[in-house]
Amino acid sequence: MRNVFIIARRELGGYFATPVASVFIVIFLVLQGALTFNLGGFFDRSQADLNPFFTFIPWVFLLLVPAITMRLWAEERRLGTIELLLTLPITQTQAVLGKFLAAWAFCAIALLLTFPFVITVNILGHPDNGVIASGYVGSLLVAGAFLSVGSALSALTKNQVIAFVLGVAVCFVFAVASYPVVTDFLSRNTPVLAEIARRIAVIDRFQDFTRGVVSLRDLIFFATFIGFWLYLNAVIVEQRKAD
């Protein structure tokens, strides 16, 4: 694990060594603030909770997380530094985990900076902070799920734009998989696929966390989902490291 944390620290430092971190965090906070307080009608609802905040956060992550992951491996391959990275005394799995943990820690920092939202709702009323806490846990897990997908897809190409588009597209599929328009269409043609779509829907799993329910089933789902995509990430890196 020591090698994993060395890579994670290196990658996380790289975010803050460039304007990328500041730009991402500012955009994230502005978007969440605008969506929560304006479009979400935070003040008009007259309820002391952060439901509008958690309603929009998966969709904000859907757009911004692929912007983080698009450079994880695509940039390494474009610059030819992936060979140098993989000649170090580390395994592909350690490299994949290190990069993923750095990106996940970065998302956690961005989430932490939304704490003024929690302070605001506590000043205005008496919310159930347990529900808010579980919503934040769910938000971090959604970010991790999208990061794992984006990281694997970034390893497929040297082009960051292609990596971003692929990341958004695939994450969108997992976000809307359980929507009636999708499941109804699949049910009419292949009922088995409709059931699979319901089971892999990330947003559905997230909804339980926003209600204050942290179930072992949902935790296992996110752990399995992230683990699968990270494994796929390691396989892709191994297969394409010589390209």
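The values are calculated or read from the model by the stated rules, or taken from the named source; none is laboratory data. For clarity, every value in this text was computed on a predicted model and none was experimentally measured. Glycine gets a Cβ as well: all are built from the backbone with ideal geometry, and neighbour counts include every protein chain shown.
Observations, loosely collected:
- Any hit, segment 156-172, residues being under 18 Å from the mean Cα position of the chain (by Cα), modelled with pLDDT under 95 and polar (S, T, N, Q): yes
- Among the residues of segment 1-37, those identified as more than 21 Å from L101 (Cβ to Cβ) and of a type in the set (A, V, I, L, M, F, W, C) are V23, V26, I27, L29, V30, L31, A34, L35, F37.
- Here is the figure for segment 37-53: residues that are touching a residue at least 24 places away in the same chain (Cβ under 8 Å), of a type in the set (A, V, I, L, M) and surrounded by fewer than 16 Cβ atoms within 10 Å (Cβ to Cβ) total 1.
- Residues located in segment 212-234, provided they are β-branched (V, I, T) and surrounded by 14 or more Cβ atoms within 10 Å (Cβ to Cβ): V214, I226
- Of the set (1) modelled with pLDDT under 90; (2) under 19 Å from the mean Cα position of the chain (by Cα), all apply to T114 but (1).
- Listed by first and then second residue, the pairs with beta-carbon distance under 8 Å, at least 6 apart or on different chains, first residue in segment 188-199 and within 21 Å of F221 (Cα to Cα) and aromatic (F, W, Y), second loosely packed, with under 12 Cβ neighbours inside 10 Å and modelled with pLDDT of 75 or more, form an empty list.
- Residue count for segment 1-20, restricted to those that are of a type in the set (A, V, I, L, M, F, W, C) and surrounded by 18 or more Cβ atoms within 10 Å (Cβ to Cβ): 4.
- Within segment 180-193, being among the hydroxyl-bearing types (S, T, Y) and surrounded by 15 or more Cβ atoms within 10 Å (Cβ to Cβ) holds for T183, S187.
- Residue within segment 164-187 that is of a type in the set (V, I, T), closer than 21 Å to G40 by Cα and in contact (Cβ under 8 Å) with a residue 12 or more places away in the chain present: yes
- Considering I226, I220, I200, the condition of being more than 18 Å from A67 (Cβ to Cβ) and at pLDDT below 90 is satisfied by I200 alone.
- Taking each residue of segment 209-234 that is more than 19 Å from I196 (Cβ to Cβ) and in a helix (DSSP H, G or I) and looking for partners that are at pLDDT below 90 and not aliphatic (A, V, I, L, M) with beta-carbon atoms closer than 6 Å, six or more apart or interchain, yields A234/Q92; A234/T93.
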